[in-house]
Structure formats: C-alpha cells, structure tokens
Amino acid sequence: MNGYQLIMRVQQKMQDPVFAQRFYKTVGELQGIPGLQQEVLRIAQIQDERKREKALDRLPNKVKKAVKDLLSMVEN
C-alpha cells in the first residue's frame, strides 16, 4: 500500500469513534520519538510480510508494540 492509500484508509476508518480514539492514543505514544513517524510510514508501505517483520524487529520493544497495534488497526 502506498502512502496515499494508507492516508485514505485511515481517513475512512476515522469515522468510527472507537478506532479514532485508539488511533490517537497510539499515535500520541509514538510522536515523542524523533524520526519514528517516517519509519512507521515506511514500514506500513512494505508489502512483503517478511521484510515488514524484519523492519519491526529493529525497533525498541515499547515502540514495536505500538507500531504493531497501529498497523493492525489500519489493516483490519
């Protein structure tokens, strides 16, 4: 999924208040870490599941959990 598709999907899902609340909470956790937003967008755009897992493994544990939550919210 490219960046545009990702943004469109998030905008569509933001209509659900439960999703929006979870999304903002998770994003809030991630915003305090410099450069992480760009890395999360890069990981979200990786099509190959194996490469995506490899990229996630390089993140710190706390960040890894938040990113996995974010990706699962967007993909489902």
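Every read-out reported here was derived from the displayed coordinates using simple, explicitly stated rules and does not represent laboratory data. Predicted, not measured: the structure shown is a model, and the values here were computed from it. Note that each Cβ is placed from the backbone with ideal geometry, even for glycine, and that neighbours are counted across all protein chains shown.
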Rounded to whole Hz, the Karplus (6.51, -1.76, 1.60) HN-Hα couplings of segment 67-76, x for glycine and proline
5, 4, 4, 4, 5, 5, 5, 6, 6, 8
Packing-ranked peptide list from 19-26, 63-70, 30-37, highest mean Cβ count within 10 angstrom first, is 63-70, 19-26, 30-37
Relative contact order for segment 3-75: what percent, with Cα pairs under 8 Å and sequence separation of 6 or more?
41
